[in-house]
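Here's the structure, in structure tokens; my notes come after.
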Amino acid sequence: MAEFAGHEVAALPFFTPETVTTDHGGPYKSHELVSAERELGCNVLPARALRPTDKFAVERAFSAFKTLLFEHLLGFTGTDVADRGSDPEADAVLTFSQMEHLIATWIVQVWQARELGEYAPAWGPGERHSPNSLFAAAMQQGGFSLRIPEPELYYRLLRRHHVKIHPRRGVKILGLWYHAPVLDEPRYLLPSQRGGRHAGKWAVSSDRRDRRTVFFQDPDDHQVWHTLRWNGLPPEGEVPAFSDKSAADLLAEARRAGLAPRSDAELLPVLLKLLGSVTPVAAWPSQAGKKDRAARSREHTRAQAAATDRPQPDAVPAPAAMPQPWERHAQAVRAAVDADRRRRRESAEPAALTAPPLLEESLRSNLFLLPAHAPVGQADDEPLENT
């Protein structure tokens, strides 16, 4: 596909849905999702409350997943406690990546090739069809409008913030400061030419899955996006990725401790402490609570997905994402903590220590001796310093 387009393409579907039908869940009504759908040119059609028939295709797919796949797996809990085993959590043996691969394989090999039966199309009641055959018939009838997205589409689908640019400090996004040398140019220190609701402000995009960086679009060349690093990041080395939740916990911990940092660099030790937590690394998979383990796994997966979606230019490589396994995550946290301690030790300059003079060399033994720092050729009539 990249060879056909002549450029790198975004990791997104190559056709845009005309209409997206959703229920009234919070994630589907969020501003980020609605703005992304509008950017792609989709029509948003909310389903009526308590009307599952408005989204029957999705409900039928979920029911098929449950009856044809999930109930045959170890650790299946079901919708009723009577359907559960004696200890379903102890029987669970699949990791998140293994479960995702299993579902994707089942969709391709079973669901898409499964005969529909009574759900055959009206124009072919006596024919045998599957989702694959119906998709091929639709493409043959209406054609396939190939839309190859460019990598910059990733930036346009992110959440936008309209802020002012402060000299030598950058922009403040959700409590954290971000800066890059490009913001020190004189044209960015003036109010922008934007009008309306956000008059005089600059638009900055952020990925809630990885708060280490934000992105600023060049107003002259809209194809160029500048990466702004968090001011708390060290100049060398990498810090594990952290999401919006970790950033909120960081600011709450700073307020609770009464910390009034002069710069975000003073928040880095607090962040590393939150990422490493007080729980020993060996106790994370077994002794940690289920809620804590789920939150950590979710944050690792989101960071990995953000690194995969982000374009990888040759000149400016993107920061490495936090690895998903527990052991590699623990190693990344320990390496970041050690690097921060090393930087603080190197930045602290020890006071110069001088050995005291010996007793026989001091002025106490002879009051007529001149001090060692007295200039040579001092006048005889000048008073001598006494100890």
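The values are calculated or read from the model by the stated rules, or taken from the named source; none is laboratory data. All values reported here derive from a predicted model rather than from experimental measurement. No Cβ is skipped: glycine too gets one built from the backbone with ideal geometry, and neighbour counts run over all protein chains shown. Just so you know, the surface numbers come from the protein's heavy atoms only, side chains and all, with ligands and any DNA or RNA stripped out. Shrake-Rupley method; radii C 1.70, N 1.55, O 1.52, S 1.80 Å.
Report the local net charge at LYS55: Lys and Arg +1, Asp and Glu -1, summed over other residues whose C-beta lies under 12 Å from its C-beta.
On the way: positive: ARG48, ARG51, ARG60; negative: ASP23, ASP54, GLU59.
Net charge in that neighbourhood comes out at 0.
Of the listed pairs LYS245/LYS273; LYS172/LYS291; LYS164/LYS273; LYS29/LYS66; LYS29/LYS201; LYS245/LYS291, which have alpha-carbon separations greater than 24 Å here? Numbers along the way, then the final one.
Numbers: LYS245/LYS273 15 Å; LYS172/LYS291 31 Å; LYS164/LYS273 31 Å; LYS29/LYS66 26 Å; LYS29/LYS201 26 Å; LYS245/LYS291 14 Å.
Cα-Cα > 24 Å for LYS172/LYS291; LYS164/LYS273; LYS29/LYS66; LYS29/LYS201; rest within.
Using R₀ = 56 Å, calculate the FRET efficiency as 1/(1 + (r/R₀)^6) where r is the Cβ-Cβ separation of GLU3 and SER347; round to 0.05.
Numbers: r = 50 Å, r/R0 = 0.89.
Result of the calculation: an efficiency of 0.65.
Any idea what the relative contact order of segment 226-270 is, in percent, if you count C-alpha pairs under 8 Å spaced at least 6 apart?
Numbers: 21 pairs, mean separation 25.4, N = 45.
In percent, rounded to a whole number, it is 56.
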Revision key, fill the gap. Whole-percent carbon and sulfur contribution to the accessible surface of segment 91-164 (1.4 Å, no ligands, DNA or RNA) stands at 55 percent
Point to revise | For q = 0.17, 0.19, 0.25 Å⁻¹, Debye-computed log10 I/I(0) when each Cα of segment 170-276 counts as one equal scatterer | key: -0.86, -1.01, -1.44
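What full-extension length gain, to one decimal in nm, is calculated for LYS273 and PHE135 as 0.36 nm per residue of separation minus the Cα-Cα distance? Walk me through the numbers on the way to the answer.
Details: separation 138, 0.36 × 138 = 49.68 nm, distance 5.13 nm.
Stretched fully, the LYS273-PHE135 segment lengthens by 44.6 nm.
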**Study point:** Order by protection proxy (mean Cβ within 10 Å, highest first), peptides 203-216, 250-263
**Key:** 203-216, 250-263
Review point. Using 0.36 nm per residue, how much length does the chain from VAL93 to LEU45 gain when fully extended, once their Cα-Cα distance is taken away?
Key: 13.4 nm
Practice item. Give me the accessible area per residue for segment 1-153, probe 1.4 Å, as a whole number in Å². Key: 74 Å²
Exercise for review: Would you grab the residues whose amide H sits under 5 Å from the one on LEU228? Only those 5+ places off in sequence or on another chain, please, with H modelled 1.01 Å from N.
Suggested key: VAL214, PHE215, PHE216
Point to revise | Rounded accessible area of SER347 (nearest 10 Å², 1.4 Å probe) | key: 80 Å²
Practice item. Answer rounded, prolate or oblate for segment 57-205, using the Cα gyration tensor with square roots of eigenvalues a ≥ b ≥ c: rounded when a/c is under 1.5, else prolate when a/b is larger than b/c, else oblate. Key: oblate
Check your understanding: By how many nm would the segment from SER297 to GLU150 grow when fully extended, if each residue of separation counts as 0.36 nm and the alpha-carbon distance is taken off?
Key -> 49.9 nm
Review point. How high is the FRET efficiency from GLU115 to LEU74, r the C-beta distance, R0 22 Å, rounded to 0.05?
Key: 0.20
Review point. How much accessible area does VAL108 have with a 1.4 Å probe, in Å² rounded to the nearest 10?
Key: 100 Å²
Exercise for review: Go from 0 up to the bin containing the longest alpha carbon distance in segment 60-99, width 10 Å each, and give me the % of pairs per bin.
Suggested key: 28, 54, 18
